[in-house]
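S.K.: Structure below; questions to follow.
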Amino acid sequence: MELNDDQLQVLKWVHGFAENVARPAAHEWDEREETPWPIIEEAARIGLYSFDFVANCFADPTGLLLPIVNEEMAWGDAGIALAILGSTLGVAGIVAAGTPEQVAEWAPQCFGQAGDIRLAALCVSEVDAGSDVSSLKTRAVYDATSDAWTLNGTKTWITNGGIADIHVVVASVESELGARGQASFVVPPKTPGLSMGRKFQKMGLRASHTAEVMLHDVTVPGACLLGGKDRFDERVARARAGRHGKSSAAMATFEATRPAIAAQAVGIARAAYEYALDYAKQRRTFGRAIIEHQAIAFKLADMRTRVDAARLLYLRAASMAMTGKPFTAGEGSMAKLFAGETAVWVTEQAIQILGACGYSRDHPVERWHRDSRAYTIFEGTSEIQRLLIARAISGGAHSVGGRGVAGA
Ligand SMILES: Cc1cc2nc3c(=O)[nH]c(=O)nc-3n(C[C@H](O)[C@H](O)[C@H](O)COP(=O)(O)OP(=O)(O)OC[C@H]3O[C@@H](n4cnc5c(N)ncnc54)[C@H](O)[C@@H]3O)c2cc1C
């Protein structure tokens with residue numbers, strides 16, 4: 001797949017940021033385990049962290065721009081990339097379920113502007129509902145008199161949770177309908193009742209903030225139900241009549257974000273492959289560069305092959321999604337599954353190629369390995385992706401307990 005001149009130009013610009021800003025700052029923010037505000041500020045200053053840039057990516061008619069930007073950012077550093085791109089998860093939730101008017105109102109507020117940065121979060125997962133999102137316990141109750149919704153519940157493992165200005169919350173309205181009785185709500189900035197719970201200390205992606213979000217009698221106007229009440233009522237009526245409607249609120253979001261998440265995993269894998277290749281050309285044992293030992297050269301050959309294969313899978317999925325071709329064989333899940341597992345495998349090979357240096361924090365490959373582990377867990381675990389592919393290719397013979405779509 002060839003990229004056009006416009007895409008190549010954007011890619012070059014993003015690569016410059018990844019190489020000169022994100023990569024040099026990566027170790028520091030991994031150690032600090034804090035949101036890298038100065039780096040997000042810099043991204044906002046040059047227009048990389050902005051609604052306009054993300055809107056341009058979403059508008060690319062080939063569908064490839066958003067994922068290739070994700071690969072490049074994660075090549076720089078995945079933790080910083082997630083700190084910068086995490087808001088697009090919230091935007092994806094708004095775009096997937098919202099009306100054009102709601103997208104126009106809320107999406108720009110997910111970014112703010114340089115000097116006045118805003119963040120967004122997508123809140124799906126709960127303690128007892130990670131893979132099995134059909135059993136969400138967060139409830140949304142409608143009051144017709146005041147035309148307002150009240151949300152109660154606890155979300156967990158939320159990227160930008162509690163520090164975001166806009167929280168997109170998926171909640172159950174008609175619990176007996178499972179996922180088809182769920183809806184997405186925008187919780188506007190400073191809404192009383194929303195607070196941050198525990199912040200998680202993670203193995204990797206430590207520059208990205210992950211925390212619980214507590215919702216205690218959070219009341220939002222009726223207009224904050226994404227898609228609107230009429231459309232939601234129609235969906236509920238269809239579900240009650242046993243007719244299949246469109247996918248659930250959360251599922252629609254994950255379909256859209258999977259190629260971009262796969263692309264981030266490819267970015268990490270590519271970084272580790274390149275680093276290991278350079279190292280293998282420099283490091284000498286038994287009188288020759290270690291790349292001249294076939295055991296090492298073959299490892300690198302396999303690493304490169306898997307990185308390229310993973311990229312082709314996400315490019316295919318992104319292109320199919322944009323051109324409206326259905327994922328009849330779970331192509332989106334294939335991309336996410338293969339890219340996540342490739343990142344874990346390639347980063348592990350890189351550690352081996354670097355020997356003791358690979359095990360040291362003096363070199364980035366151990367960080368890349370820690371970062372890569374999240375990519376077989378979030379946005380649907382590898383097991384869930386396999387179930388989705390199996391279900392697609394077997395014509396639905398493999399049910400995915402609950403509904404089998406995992407949170408972001
Ligand atoms: C860094 C990070 C950031 C995150 N950010 C967000 C976010 O912004 N928003 C959000 O909503 N969530 C987020 N999450 C949560 C994430 O989506 C969930 O952790 C994920 O969906 C898995 O859910 P779980 O952890 O509850 O695992 P579980 O669902 O408890 O699964 C445990 C194990 O059982 C397996 N399993 C479960 N069901 C089946 C089945 N039917 N068949 C076979 N195997 C099965 C799983 O694959 C896994 O191996 C984030 C997680 C991480 C690590």
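The values are calculated or read from the model by the stated rules, or taken from the named source; none is laboratory data. The structure presented is a predicted model; accordingly, all values stated were derived computationally and were not measured. Cβ: placed from backbone, ideal geometry, glycine included. Neighbour counts: every protein chain shown.
S.K.: Where residues in the stretch 125-134 are assigned to a loop (DSSP other than H, G, I, E, B) and in contact (Cβ under 8 Å) with a residue 24 or more places away in the chain, which of them is farthest from the ligand (Cβ to nearest atom)?
M.R.: Checking each candidate, the answer is 127.
S.K.: Report yes if some residue within the stretch 323-330 is out of contact with any strand residue (DSSP E or B) (no Cβ under 6 Å at 6 or more places or on another chain) and in a helix (DSSP H, G or I); otherwise report no.
M.R.: Going through the stretch 323-330, the residues out of contact with any strand residue (DSSP E or B) (no Cβ under 6 Å at 6 or more places or on another chain) turn out to be 323-330.
The next check asks that each one be in a helix (DSSP H, G or I); those that pass are none.
Taking every residue of the stretch 323-330 in turn, none turns out to be out of contact with any strand residue (DSSP E or B) (no Cβ under 6 Å at 6 or more places or on another chain) and in a helix (DSSP H, G or I).
S.K.: Return yes when residue 270 is assigned by TED's automatic domain parsing to the domain that holds residue 312 and at pLDDT 95 or above and no when it is not. Break it down stepwise before answering.
M.R.: Working: assigned by TED's automatic domain parsing to the domain that holds residue 312: yes; at pLDDT 95 or above: yes.
Here the answer is yes, as residue 270 does meet what is asked.
S.K.: If you take the residues of the stretch 198-214 that are within 13 Å of the ligand (Cβ to nearest atom) and farther than 16 Å from residue 80 by Cβ, which of them is surrounded by the fewest Cβ atoms within 10 Å (Cβ to Cβ)? I'd like the intermediate steps shown before the answer.
M.R.: Step one: list which residues in the stretch 198-214 are within 13 Å of the ligand (Cβ to nearest atom), which gives 199-213.
Adding the requirement that they be farther than 16 Å from residue 80 by Cβ leaves 199-201, 203, 211-213.
Numbers: 199: 15, 200: 16, 201: 8, 203: 11, 211: 21, 212: 21, 213: 28.
Taking the candidates together, the pick is 201.
S.K.: To continue, here is another question. Spot the failing condition for residue 122; the list is (1) within 15 Å of the ligand (Cβ to nearest atom); (2) buried (at least 21 other Cβ atoms within 10 Å of the Cβ); (3) within 23 Å of residue 237 (Cα to Cα), and only one is missed.
M.R.: Checking residue 122 against (1) within 15 Å of the ligand (Cβ to nearest atom); (2) buried (at least 21 other Cβ atoms within 10 Å of the Cβ); (3) within 23 Å of residue 237 (Cα to Cα), the one that fails is (3).
S.K.: In the stretch 275-297, which residues are hydroxyl-bearing (Ser, Thr, Tyr) and touching a helix residue (DSSP H, G or I) at 6+ places or on another chain (Cβ under 8 Å)?
M.R.: To start, the set of residues in the stretch 275-297 that are hydroxyl-bearing (Ser, Thr, Tyr) comprises 275, 279, 285.
Within the stretch 275-297, 275, 279 qualify.
S.K.: Next question. Given the structure, is residue 147 under 20 Å from residue 98 (Cα atoms) and in contact (Cβ under 8 Å) with a residue 24 or more places away in the chain?
M.R.: The answer is yes for residue 147.
S.K.: May I ask you to list pairs of residues, at least six apart or on different chains, whose Cβ atoms are under 6 Å apart, with the first in the stretch 93-118 being free of Cβ contacts under 8 Å to residues at least 24 places away in the same chain and not assigned by TED's automatic domain parsing to the domain that holds residue 39 and the second being surrounded by fewer than 20 Cβ atoms within 10 Å (Cβ to Cβ) and of a type in the set (Asp, Glu)?
M.R.: none
S.K.: Name the residue, out of 384, 377, that is surrounded by fewer than 20 Cβ atoms within 10 Å (Cβ to Cβ), among the aliphatic types (A, V, I, L, M) and within 16 Å of the ligand (Cβ to nearest atom). Talk me through it step by step, then tell me what you get.
M.R.: Details: 384 fails: surrounded by fewer than 20 Cβ atoms within 10 Å (Cβ to Cβ).
Of the residues listed, the single one that is surrounded by fewer than 20 Cβ atoms within 10 Å (Cβ to Cβ), among the aliphatic types (A, V, I, L, M) and within 16 Å of the ligand (Cβ to nearest atom) is 377.
S.K.: Quick one: count up the residues across the stretch 43-62 that are within 16 Å of the chain's Cα centre (by Cα) and touching a residue at least 60 places away in the same chain (Cβ under 8 Å). Don't jump to the end; show me each part of the working.
M.R.: In the first step, residues of the stretch 43-62 are kept if they are within 16 Å of the chain's Cα centre (by Cα); the result is 49, 54, 57-58.
Pick out the ones that are also touching a residue at least 60 places away in the same chain (Cβ under 8 Å) and you get 49.
Matching residues across the stretch 43-62 total 1.
S.K.: In the stretch 285-302, what residues are under 18 Å from residue 265 (Cα atoms) and touching a Leu at 6+ places or on another chain (Cβ under 8 Å)?
M.R.: Taking the stretch 285-302 as the starting set, the residues that turn out to be under 18 Å from residue 265 (Cα atoms) are 300, 302.
300, the sole residue that qualifies.
S.K.: Name the residue that is nearest to residue 96 (Cα to Cα), counting only residues in the stretch 253-297 that are under 16 Å from the mean Cα position of the chain (by Cα) and of a type in the set (Val, Ile, Thr).
M.R.: 253
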